[in-house]
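*Asks:* Attaching a single structure in structure tokens format; questions to follow.
The values are calculated or read from the model by the stated rules, or taken from the named source; none is laboratory data. Note that the structure is a prediction, hence the values are computed from the model and not measured. Note that we place each Cβ from the backbone using ideal geometry, even for glycine, and neighbour counts take in every protein chain shown. Remember, those area values only see protein heavy atoms, side chains included, never the ligands or the DNA or RNA. Shrake-Rupley method; radii C 1.70, N 1.55, O 1.52, S 1.80 Å.
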Amino acid sequence: MSQTITYYLSLVSPWTYLGHERLGEIANRHGATIDYVPVTISTVFPRTGGLPLPKRAPERQAYRLVELKRWKQVHGVPLNVEPKHFPTDDRPAARLALTAKARGHDIAQLSLAILRACWVEERDIADLTTLREIADACGLDGQALLDESESQGQQRLDAACEQAIAAGCFGVPWYDVEGEPFWGQDRLELVEKKLTGAL
């Protein structure tokens, strides 16, 4: 029987970006289904004790950059550790992705394209024109999705954040495998072990 990974992600998180494609590969290897649930850290953090990056101690901010450089090298992925448009508001992108999901689209590719826009392409994913262009490039009707996301997307985003917090999520990426939580792209090895029954 196919297992489901509920994947809570922020579309402006470098850690989400680092693990996004690997999660898909792991799921494919083991016949698992991924339920993509974009959330916003601006809702999750205040409710769960997290601090946005600018409010963290300088030592924590410095170590974060060290870790990003390490993981970029480990996985061999392009990543600008200090992109031009970061921090930026992840809510418009989350609303767009949730609207695409509500319309029945698989949002794996769209999510990756948005993440790459921030962390590789130096684009501002809070900008609606940028989001429309990204959605169009993924073969979607970007303007229609934006129009709907601006009217109904916040309701969907609020519900997604409540779902995440109810599942115990306090950071991203967060993977829930049949009720067992895993926080961070560096836990993907454990996610795979869980899928195989080795954990």
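*Asks:* Looking at Val74, Val44, which one is in a helix (DSSP H, G or I) and free of Cβ contacts under 8 Å to residues at least 12 places away in the same chain?
*Replies:* Val74
*Asks:* While we're looking at this one, here's another question. Considering only region 13-40, how many residues are more than 14 Å from Val77 (Cα to Cα), open to solvent by less than 60 Å² (accessible area, probe 1.4 Å) and either assigned to a helix (DSSP H, G or I) or without any contact (Cβ under 8 Å) to a residue 40 or more places away in the chain (or both)?
*Replies:* Total meeting the criteria: 6.
*Asks:* Now a separate question. Select, from Cys169, Cys161, Cys118, the only residue that is assigned to a loop (DSSP other than H, G, I, E, B), within 20 Å of Leu53 (Cα to Cα), modelled with pLDDT of 95 or more and open to solvent by less than 30 Å² (accessible area, probe 1.4 Å).
*Replies:* Cys169 is the lone residue from the list that is assigned to a loop (DSSP other than H, G, I, E, B), within 20 Å of Leu53 (Cα to Cα), modelled with pLDDT of 95 or more and open to solvent by less than 30 Å² (accessible area, probe 1.4 Å).
*Asks:* Let me ask something else about it. Do we have any residue at all in region 49-65 that's open to solvent by less than 50 Å² (accessible area, probe 1.4 Å) and touching a Leu at 6+ places or on another chain (Cβ under 7 Å)?
*Replies:* Looking for residues that are open to solvent by less than 50 Å² (accessible area, probe 1.4 Å) and touching a Leu at 6+ places or on another chain (Cβ under 7 Å), one finds none in region 49-65, hence no.
*Asks:* Any residue in region 89-99 that is over 30 Å from Gly31 (Cα atoms), at pLDDT 95 or above and open to solvent by 30 Å² or more (accessible area, probe 1.4 Å)?
*Replies:* yes
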